[in-house]
Each structure stands twice: as C-alpha cells, then as structure tokens.
1. Mind counting the residues in the range A:92-114 that are among the charged types (D, E, K, R) and over 17 Å from A:ILE361 (Cβ atoms)?
2. Among the residues in the range A:384-396, are any closer than 20 Å to A:HIS130 by Cα and of a type in the set (S, T, N, Q)?
3. Before we move on, is B:ALA166 more than 12 Å from every other protein chain (Cβ to nearest Cβ), more than 16 Å from the chain's Cα centre (by Cα), closer than 23 Å to B:PRO95 by Cα and of a type in the set (Gly, Ala, Ser)?
4. If I filter the range A:178-187 down to residues being buried (at least 20 other Cβ atoms within 10 Å of the Cβ) and touching a Ser or Thr at 6+ places or on another chain (Cβ under 9 Å), which single residue comes out as nearest to the other protein chains (Cβ to nearest Cβ)?
5. Quick one: would you say A:THR134 is over 30 Å from A:LEU385 (Cβ atoms), surrounded by 24 or more Cβ atoms within 10 Å (Cβ to Cβ) and in contact with a helix residue (DSSP H, G or I) (Cβ under 6 Å, 6 or more places away or on another chain)?
6. With respect to B:ARG70, is the statement that it is in a helix (DSSP H, G or I), more than 8 Å from chain A (Cβ to nearest Cβ), modelled with pLDDT of 95 or more and out of contact with any strand residue (DSSP E or B) (no Cβ under 7 Å at 6 or more places or on another chain) true?
7. Just to be sure before I move on: is B:ALA141 open to solvent by less than 10 Å² (accessible area, probe 1.4 Å) and more than 11 Å from chain A (Cβ to nearest Cβ) in the structure I sent?
8. Within the group A:TYR330, A:TYR321, which residue is crowded, with 24+ Cβ neighbours inside 10 Å, closer than 30 Å to A:GLY296 by Cα and hydroxyl-bearing (Ser, Thr, Tyr)?
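The values are calculated or read from the model by the stated rules, or taken from the named source; none is laboratory data. Since this is a predicted model, take the numbers as computed values, not measurements. Ideal geometry is used to build each Cβ from the backbone, glycine not excepted, and the neighbour counts take in all protein chains shown. Accessible surface is based on the protein model in full, side chains and every heavy atom, while ligands, DNA and RNA are left aside. Shrake-Rupley method; radii C 1.70, N 1.55, O 1.52, S 1.80 Å.
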Amino acid sequence: MSAYAFSSETPSKHPYPDARGRYGAFGGKFVPETLMPALEELDVAYAAAKADEEFQETLRRYQTTYVGRPTPLFFAERFTHHLGGAKVYFKREDLAHTGAHKINNALGQVLLAKRMGKKRIIAETGAGQHGVATATACALLGLECDVYMGSEDIERQKLNVIRMRLLGSKVVPVTSGSKTLKDAINEALRDWVTNVGHTHYVLGTVHGPHPFPLICRDFQSIIGRETRQQILEQEGRLPNTLIACVGGGSNSIGLFYDFIRDESIRMIGVEAGGRSLDPGEHAARFAGGSPGMLQGAMSYVLQDPNGQILGTHSVSAGLDYASVGPEHAYFRSVGRIEYTHAGDDEALEAFQAVSRLEGIIPALESAHALAHAMKIVPEMNKDDLVVVNMSGRGDKDVQQAARFLLPGETF
Amino acid sequence: MNRIEQRFAGLREKGERAFIPFITAGDPTLELTGQIVLELAKAGADVIELGVPFSDPVADGVVNQEAAQRALLHNVTLRDILGLVKGLRNQTEIPIVLFTYYNPVLAYGHYRLAEDAKASGVDGILCVDLPPEEAVEYCTAFQGQGLSTVFLLAPTSTEDRIALIARTSTGFVYYVSRTGVTGERETIESSVHGMVTRIQQHTKLPVAVGFGIARPDQAREVAAYADGVVVGSALVRMIGELGAAPDMPARVGAFAKTLADAIKGR
C-alpha cells in the first residue's frame with residue numbers, strides 16, 4: 001500500500017487541479033468574498049497536513065482500527081454466472097464503518113479541521129450517508145456538528161436522521177427550494193459564510209469550490225489504491241472495466257483515480273436517469289445538462305436557458321443533485337471516463353437482483369452502477385474483469401425501495 | 001464617465017453620501033418594479049441595485065430568497081430585466097447596477113450581456129459569487145462597454161485581497177458589513193468604520209457599505225464615514241408584505257425617503 005494514507009500520485013497527463021483549482025475549463029472558486037480567505041486558509045492547512053507524517057499516521061490508524069480498512073474486494077460469483085459474461089468483483093465500501101465510502105472523506109476532513117483548531121463542524125447531506133459519516137467522525141473526535149438536510153430527504157431517509165441524532169449531531173431541516181441536497185448545500189454555505197471563523201464545512205463530495213474537490217478526491221482515492229493491490233493479489237492482473245455511480249462523484253473518483261494512468265482500463269460513471277430524461281425527471285447532468293457554475297465550481301449543470309437551476313429527481317437521494325464534480329467534467333471532456341445513466345426502474349431491479357444473488361442489499365446509489373453492469377457484462381468476454389464500487393449498503397433504503405417494490409403494503 | 005461615476009463625482013463635490021437601495025426585479029411584477037424604481041429615485045436614491053432573481057441565492061437571507069422565488073414564479077429573466085431598464089430610461093437617468101449571481105450571466109454570455117446591458121441603459125454589474133480571480137473575461141466584457149464592475153469586500157478580507165479588489169472594481173467598492181448573508185440586523189458592527197478607512201487607503205473609489213442596514217438611524221451612523229449606504233432586505237420585506245397593494249410603490253418610496261434623509265443629514 002502507498003506510503004501515504006490519503007494522497008494519490010497525480011497522473012502526469014492530467015496535472016490537475018492547477019494552482020487556481022481548475023481542472024481544464026472546470027472547477028475554480030466561485031464563492032462570496034467572505035469565504036475566499038477561508039478557502040485559502042484551508043488550502044494551506046491541507047497542504048501542511050498532507051506533508052505531516054504524524055497526521056498521516058493518525059489517519060492511517062483510524063482507517064485501520066476504526067473504519068475497518070482495507071475493505072474487501074469480493075468476487076460476486078452468482079452475479080457473474082447470472083450475467084454470463086465477464087467476472088464481476090465488488091469493492092465493498094458498504095462494509096466500511098457507517099456503511100458507505102463517505103467515512104473516508106468525513107474522517108479525513110474532521111481530523112483536518114481539528115488540526116486547524118476549528119471548534120464546530122457543519123455538513124450537508126442528501127441520502128444521509130455523508131451526514132452520518134460526519135456525525136460519526138465528530139463523535140469520535142469530540143467536535144460539535146450540525147448537519148443540513150432537505151426536508152424531502154429527511155422524509156425518505158428517516159433511519160439516517162435518527163442515527164445522526166444518536167451520534168450527538170443536530171439535523172437541521174432545509175425547507176427552501178426543492179428541499180433536497182442542493183438546498184442543503186445552499187444552507188450549509190450560508191451557515192459557513194456566517195460562522196466561518198470557528199467553523200469548518202465538511203463538504204461531502206468532489207464538488208464545491210477549490211480545494212474541496214481535491215481534498216475529497218485525495219481522501220477517497222484509497223478505494224482505488226486498495227482495489228489495485230487486491231485485484232493483483234486475487235487475479236494477478238488489472239481489471240478491464242471499472243463501474244461506479246456518480247452523484248457528486250466521490251465514490252467514483254475514489255475508485256477510478258489510481259487507475260487513470262492505466263489507459264487500457266475502461267471507466268464508466270453512472271448517473272441517475274430517474275423516471276425519464278425530461279427536465280426535472282432525472283439527475284443525468286452529462287446527458288441533460290450544460291456547462292455552468294453552481295455552488296462554487298464550474299462544471300456540468302442541469303439548468304434552463306436562463307441559467308436557473310432545474311429540479312432533479314432520482315429514486316436515490318444520494319444521486320439527486322443538479323451538478324457534478326468538476327474533475328468528472330474534465331475527464332469526460334478529454335474522453336478518459338465515460339458517463340451513462342440508469343433509470344429508477346433499472347436501479348430497483350439491480351437492487352433486488354444483487355440482494356437475492358449475493359446476499360448483499362446495496363444502497364440505491366450503488367444499485368445504479370450495478371444496473372449498468374447488468375447491461376454490459378453479458379456482452380463481455382468471460383476472462384474480462386469488472387470491478388463495481390459497492391459504495392454503500394442499502395439498509396437506509398429498505399423502506400423507500402419497499403414503497404416501489406411492494407405497492408399496497410404498509411410500512 | 002458613466003452615470004454611476006458622474007453621480008458619485010457630483011455627491012463628492014457636495015460632500016454628500018450616496019443612498020443605494022436594493023430591490024429584486026420582478027417582485028411582485030416587473031411593472032411594479034419599474035414603479036418602485038421611479039419612487040426610489042424621487043425619494044432621493046443615488047444608485048439602484050436591481051436584483052436578478054436566481055434559484056440558488058447562497059449569499060442571501062430568507063427575505064431576499066423569498067423575493068427571488070416570487071419573481072421566478074413568473075419566470076422573470078435577465079432579458080426581461082434589461083427590457084424594464086430600457087423602458088425606464090425614458091423616465092429617469094438614475095444609475096442602475098445589476099446585482100446578480102454568476103450562472104445567469106454565464107448562461108447569457110459575458111460579451112452579449114455586456115452589449116445588451118449597455119444598450120438598455122444599465123450602468124454597472126455586481127456579481128456576488130464571482131471573485132476577481134475568476135473574473136478576467138467578465139471584466140474585459142463589461143468594462144469594455146463602459147459599465148462599472150463592482151466587487152465586494154468582507155470583514156474576513158486580508159490586506160492582499162483589499163488591494164486586489166480595489167484594483168479590480170470600477171464605479172465603487174461594496175463592503176459587506178458582517179460575515180453572513182443579507183438581512184436586517186439590530187446593530188452595525190463596530191469594526192465597520194475601521195475597515196472602510198482601510199479600504200479607502202487602497203483606493204480613491206467610493207466605498208459603499210451594505211448587509212444588515214435596515215433603519216434610518218443605522219443608515220445615518222454608517223453615512224458618517226462611508227461614501228454610500230446600501231439598504232436591501234428592509235425594502236424587500238416591505239414590498240413582500242404590501243404585495244400588489246395599489247399604494248405599495250408610494251409607501252416604499254415614503255420609507256426610502258426617511259433613509260435618504262438620514263443619509264443626507266436632512
């Protein structure tokens with residue numbers, strides 16, 4: 001494993017972000033002036049932490065003894081036989097503490113905030129996984145934590161709301177706009193603008209103003225580094241294809257980043273196709289969006305011709321977002337990563353299939369990646385290797401899924 | 001000199017401070033926004049900040065968020081707002097600044113918007129989520145048309161950033177009086193006077209102060225040292241409460257006059 005607990009070597013062909021936080025035409029820092037000094041402070045503090053062996057050691061210790069890393073790479077034998085094509089492996093981020101990859105970033109950032117002397121943490125959450133992960137890290141390290149969550153998401157992810165409260169965090173309902181992730185981020189940004197002196201904002205994905213996309217990518221890239229080592233141990237060769245779902249894009253960049261240099265490896269990001277590709281019915285930013293700036297970064301955005309942000313829909317709260325991490329927009333523009341989408345129905349079908357075939361109930365987010373695997377794996381050669389990122393477990397989604405899968409029954 | 005520069009030059013000669021009201025364009029309707037602008041001009045406003053409604057206003061408190069939502073309910077666009085200004089130019093020469101978020105500007109296109117804004121009689125633009133580092137093409141486009149590009153400074157701004165923003169701004173510099181979003185506050189922070197003085201050491205541009213100023217006594221206090229005073233949410237809240245009442249523009253104008261009088265020491 002790499003000597004560093006959270007840094008990945010930058011692939012030389014893609015030396016991003018640059019000093020301005022740009023990934024080609026995407027990224028940057030688009031925030032009210034009040035926050036600019038805080039972003040500069042964060043940039044400097046992060047670089048110092050990254051170079052500090054003691055900080056690295058602390059993070060490594062928590063990753064091993066608290067999070068449970070490395071997470072397993074599992075050969076999904078029955079799923080593979082069912083599809084009749086390539087061999088499919090799952091990277092089991094669902095087995096990380098708190099049940100999703102989100103802990104990798106949350107723990108790293110809360111440790112960083114503590115090192116910076118911040119007393120209070122705020123976070124936004126969609127599906128609740130990032131909120132739970134941040135609440136967990138704050139409980140572990142003894143920091144105060146407020147989590148902003150859209151009231152519609154609170155409704156569909158009640159279990160995670162209770163978890164956050166049990167962990168000692170306050171969950172602040174957001175009732176503005178579409179009452180989902182985007183609005184929770186707006187509210188977290190408003191809080192940060194107000195309390196920037198003593199508060200660190202733990203942004204949960206590879207989006208937002210620089211340096212957040214970089215910090216989150218670094219903390220998540222452990223997923224791909226472990227996967228490389230594990231597939232070499234189990235198969236003696238690298239995979240042909242990597243598949244991951246893309247909301248903001250943190251689990252996918254986490255899996256992909258260490259393989260960017262291996263140009264023969266195909267990488268596919270799967271967005272939420274929702275009910276259809278009509279405006280407001282999906283969250284497929286690359287299929288239905290255009291370049292724009294939302295919440296601090298230039299990227300692809302679902303917007304109307306006047307630059308107003310459109311509503312989104314997905315059965316999965318964690319993918320239900322109008323923009324996507326700027327580095328994804330960059331890797332798409334240079335053709336290094338492909339992006340596609342899976343609809344609500346396809347995700348629900350994969351959710352059931354994997355539950356029955358492998359005894360793993362996936363998060364509805366991860367089910368989008370699995371749905372795409374179900375489309376392409378049957379056409380692949382039997383000796384091809386595919387890794388799907390099982391970014392989270394589906395316990396939180398059982399009630400939501402039941403509403404669709406078992407209509408008429410009450411829960 | 002554009003209208004903003006002319007107005008500030010005139011005020012400086014008279015030793016007066018500028019009154020800069022903010023309202024959201026299209027709340028409750030574009031037609032009523034036009035009437036409010038005329039009332040504000042009559043009440044003694046020097047520059048009008050016309051808010052461009054945006055779906056995700058991260059720098060705004062609840063009052064301005066709701067005003068933007070009301071305007072967006074009838075799909076007010078930047079193009080509509082330029083049309084409104086164009087119509088107003090038959091009736092008033094008051095300087096008008098667009099107060100906007102960046103994405104609507106991007107969607108319109110820097111150069112196209114600069115040209116159309118100029119042609120419509122807009123005098124300047126202020127983009128609340130666009131720091132100067134990201135604003136090279138934006139400045140070229142708008143300054144190229146003779147429009148002022150107003151940038152903001154905040155209590156957290158370092159000496160380097162004060163210098164950068166003093167260099168990049170034209171027309172005036174906008175000082176955000178406290179860390180936080182727009183909205184009325186009970187008191188003005190004691191640090192404001194010192195920051196305004198520091199900014200004035202970096203630039204000859206007028207320094208206007210906004211965020212949190214809601215009452216005539218607060219406006220008078222800030223006018224003692226700042227070149228301009230911005231009042232937004234207090235007016236926007238009044239507009240929201242009165243809605244389409246027939247005397248709404250006149251009543252907003254009457255309140256604005258109390259602010260103008262306080263700022264002008266009348």
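1. 2
2. Yes, the conditions are met somewhere in the range A:384-396.
3. Criteria met by B:ALA166.
4. Among those that are buried (at least 20 other Cβ atoms within 10 Å of the Cβ) and touching a Ser or Thr at 6+ places or on another chain (Cβ under 9 Å), it is A:ASN186.
5. Taking the combined requirement at face value, the residue satisfies it.
6. Yes: the conditions hold for B:ARG70.
7. On the way: open to solvent by less than 10 Å² (accessible area, probe 1.4 Å): yes; more than 11 Å from chain A (Cβ to nearest Cβ): yes.
Here the answer is yes, as B:ALA141 does meet what is asked.
8. Selected residue: A:TYR321, the only one of A:TYR330, A:TYR321 that is crowded, with 24+ Cβ neighbours inside 10 Å, closer than 30 Å to A:GLY296 by Cα and hydroxyl-bearing (Ser, Thr, Tyr).
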